[in-house]
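Asks: Okay, handing you the structure first.
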Amino acid sequence: MQRILYEAKTQIKKELPFVLYANPNSNKLNAYFQKNDELEVFKGQSGFVFAPFSNTESYIISLSNSNFLSESIEEIEIENILLDISIDQKAKKNFEDLVNKGIVEINNNLFEKVVLSRKVVVPVKMDFEATFLRLLQSYNTAFRYLFYHPKIGMWMGATPEQLLKVEGDKISTVALAGTQLYKDSLIWEEKELQEQQFVSDFIIHEITPFVKNITISEPFTAKAGTLAHIKTTISAYLKEKESANKLLFQIHPTPAVCGLPKKEAMAFVLQNEGYDRKFYSGFLGEWNIKDESNLFVNLRCMEVEEEKINLYVGCGITKDSNPEKEFFETENKLVTMLKIIKV
Ligand SMILES: C=C(O[C@@H]1C=C(C(=O)O)C=C[C@H]1O)C(=O)O
């Protein structure tokens, strides 16, 4: 992968966009290097899509405006370091207040579920290459990426959540929610089962007009690094192949990252979180390449700036949420990224 890393550094020097990514359980690192610095708006053309949580505009490094490279991922030695994980009491109080506010609105019947998040700023100058190599190797079952655009910035992450896969007329997706630290025999509480069921029900409801022959798995436990989630896999066949794009924006953002109903939960998030999620909980991945699309939800991610990194973490709130427990859930998600950051 030396060639890809070399090209990536050259693109940064020239301030040209690129993306490096590896699919779950794959040992192949893929890259698209854009030929100019245009911020190309996604309108269904083929390439690598990068979409925000809430804005109407999504972006793409298009196939027709970039060069593709693919190489094997080489093993590196990783020593274990963990950046500061002391609890920020002010951030804890702020988040718990936000969660309480969400619960009040659930009790007021404004919505049934809302996903609330926070941004954690770590004031370090990160070695992005070393960090990305650690991320690639540490989270092999995740979709791992590094995205750079001079007009967007640099983002990287290792997400466990597929948003949409399209292969010909077949689509597949997952409903992923509920979080606890992974251990051998774990038990899910009613609250977690319910918040995951909201995601399944929403997805099935939204895709139904577009598809036939829906297959839905039983919910099962999925491991994501040191965490465990509840997952249901959903697949179906498009009635019209051209409707994949429409279906995509119908399901995004799902109640795994926004809430239910979507409109009310979204309004609450935008008004109350107090910061801009930007591309966190948006989606990214290949669109319409060789008749396939493979998109993921942008979670367990960070935004890399010159002298600091911004980490983004959130969790699903329902009527049974305990604000302190939800805060510690975001702390656990934070550790996923803090563990691999090399300064
Ligand atoms: C919102 C995040 O994760 C999502 C929320 C989850 C939850 O509420 O339990 C679990 C997995 C993801 O769908 C995040 O990682 O920031």
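Asks: Once you list every other residue whose beta carbon is under 12 Å from the beta carbon of Ile216, what net charge do they have if Lys and Arg are +1 and Asp and Glu are -1? Don't jump to the answer; show the numbers that get you there.
Replies: Values: positive: Lys231; negative: Asp201, Glu218.
Cβ neighbours under 12 Å give a net charge of -1.
Asks: Computed on alpha carbon atoms, what radius of gyration and Dmax characterise the chain, expressed in Å?
Replies: Looking at the chain, its Cα Rg and Dmax stand at 19.2, 56 Å.
Asks: Here is a further query. What do you get for Rg/Rh of segment 38-173 when both radii come from the Cα atoms and Rh is the Kirkwood radius? If you can, show how the numbers build up before the last one.
Replies: Numbers: Rg = 19.3 Å, Rh = 19.1 Å.
Looking at segment 38-173, the ratio lands at 1.01.
Asks: Over the alpha-carbon set of segment 190-343, work out the extent along each principal axis and list the three values in angstrom, largest first.
Replies: The Cα atoms of segment 190-343 stretch 48, 39, 32 Å along the principal axes, largest first.
Asks: Taking every pair of alpha-carbon atoms in segment 187-227, give the share separated by more than 15 Å as a whole percent.
Replies: Working: 452 of 820 pairs.
Across segment 187-227, Cα pairs with separations above 15 Å total 55 percent.
Asks: Let me ask something additional. Just to verify a number: FRET efficiency for Ile87 and Ser217, C-beta to C-beta distance, R0 = 25 Å, to 0.05?
Replies: Computed FRET efficiency for Ile87 and Ser217: 0.10.
Asks: Pick out which of Val122, Val257, Val114 has the largest mean-square fluctuation in a Gaussian network model of the chain, springs linking Cα atoms closer than 10 Å.
Replies: In this elastic network of the chain, the residue with the biggest mean-square fluctuation among Val122, Val257, Val114 is Val122.
Asks: Turning to a different aspect of this structure: Counting Lys and Arg as +1 and Asp and Glu as -1, each charge on the Cβ, what is the dipole of segment 142-297 about the Cα centre in debye, to the nearest 20? Before the final figure, lay out each step's value.
Replies: Values: 17 positive and 19 negative charges, 78 e Å.
Roughly 380 debye for segment 142-297.
Asks: When each pair of different Cα atoms in segment 160-236 is counted once in the 1/r mean, what is the Kirkwood radius in angstroms, to one decimal?
Replies: Result for segment 160-236, one decimal place: 13.1 Å.
Asks: Rounded to the nearest 20 debye, what is the charge dipole size of segment 215-343 about its Cα centre when +1 sits on each Lys and Arg Cβ and -1 on each Asp and Glu Cβ? Mind dumping the intermediate values first?
Replies: Numbers: 17 positive and 18 negative charges, 56 e Å.
In debye, rounded to 20, segment 215-343 gives about 260.
Asks: Given the options Ile309, Ile61, Ile85, which has the most mean-square fluctuation in a GNM of the chain, springs set between C-alpha atoms less than 10 angstrom apart?
Replies: Ile85
Asks: Shifting gears a bit: How big is the equivalent ellipsoid of segment 127-269 along its three axes, where each semi-axis is √(5λ) from the Cα gyration tensor, reported in whole Å from largest to smallest? Kindly include the intermediate steps, with their values, before the conclusion.
Replies: Values: eigenvalues 133, 94, 52 Å².
Taking √(5λ) for each eigenvalue gives 26, 22, 16 Å, largest first.
Asks: How many angstrom lie between the C-alpha centres of segment 1-51 and segment 202-236?
Replies: One Cα centre to the other: 29 Å.
Asks: Follow-up question, since we're still on this one. How many angstrom lie between the C-alpha centres of segment 147-196 and segment 262-310?
Replies: 12 Å
Asks: Straight distance only, please: which aspartates and glutamates reach the Cα of Lys223 with their own Cα at less than 18 Å, same-chain residues fewer than 8 apart left out?
Replies: Excluding near neighbours in sequence, the set is Glu161, Asp184, Glu189, Glu192, Glu195, Glu329, Glu331.
Asks: So what is the calculated 222 nm ellipticity per residue for the chain, using -39500 (n - 2.57) for each DSSP H run with n of 4 or more, over all residues, to the nearest 500 deg cm²/dmol? Spell out each step's value before the answer.
Replies: Details: 7 runs with 95 residues, N = 343.
Result for the chain, helices only: -9000 deg cm²/dmol.
Asks: Could you give the semi-axes, largest first, of the ellipsoid that matches segment 3-43, computed as the square roots of 5 times the alpha carbon gyration tensor eigenvalues and rounded to whole Å? Each step should come with its number before you reach the end.
Replies: Working: eigenvalues 84, 48, 6 Å².
The three semi-axes for segment 3-43 are 20, 16, 6 Å.
Asks: Please give every one of the lysines within straight-line cross-link reach of Lys35, meaning a C-alpha to C-alpha distance under 23 Å, and leave out same-chain neighbours fewer than 8 residues apart.
Replies: Candidates past the 8-residue exclusion: Lys9, Lys13, Lys14, Lys43, Lys151, Lys290.
Asks: Given a cut-off of 20 Å, name the pairs among Lys101/Lys263; Lys165/Lys239; Lys28/Lys170; Lys119/Lys278; Lys170/Lys212; Lys319/Lys339 whose C-alpha atoms lie farther apart than that in the structure shown. Show your work: numbers first, answer last.
Replies: Details: Lys101/Lys263 17 Å; Lys165/Lys239 16 Å; Lys28/Lys170 24 Å; Lys119/Lys278 11 Å; Lys170/Lys212 10 Å; Lys319/Lys339 32 Å.
Among Lys101/Lys263; Lys165/Lys239; Lys28/Lys170; Lys119/Lys278; Lys170/Lys212; Lys319/Lys339, the Cα-Cα distance tops 20 Å for Lys28/Lys170; Lys319/Lys339.
Asks: Sketch the reach of a paramagnetic label on Asn322 as a point 7 Å from Cα along Cα-to-Cβ, and name the residues of segment 184-204 whose backbone nitrogen lies under 14 Å away.
Replies: 189-192
Asks: Starting from 0 in steps of 5 Å, tell me what percent of the Cα-Cα pairs of segment 30-81 lands in each bin.
Replies: Bins of 5 Å from zero give 5, 17, 21, 16, 12, 10, 10, 8, 1 percent of pairs.
Asks: Using the crude model of +1 on Lys and Arg Cβ and -1 on Asp and Glu Cβ, and no other charge, please compute the dipole size for the chain relative to its Cα centre, in debye to 20. Can you show the working numbers first?
Replies: Values: 40 positive and 47 negative charges, 65 e Å.
With only Lys, Arg, Asp and Glu charged at Cβ, the dipole is about 320 debye.
Asks: If each residue's Cβ is checked for other Cβ atoms within 10 Å, how do Leu176, Leu186, Leu39 rank with the fewest at the top? Walk me through the numbers before you get to the answer.
Replies: Numbers: Leu176 27, Leu186 10, Leu39 13.
In increasing order of surrounding Cβ atoms, one gets Leu186, Leu39, Leu176.
Bear in mind these aren't lab numbers, they're just calculated from the coordinates by the rules spelled out. Note that the coordinates shown come from a computational prediction; the quantities given were computed from them, not determined experimentally. Don't worry about glycine lacking a Cβ; one is built from the backbone with ideal geometry, like all the others, and counts go over all protein chains shown.
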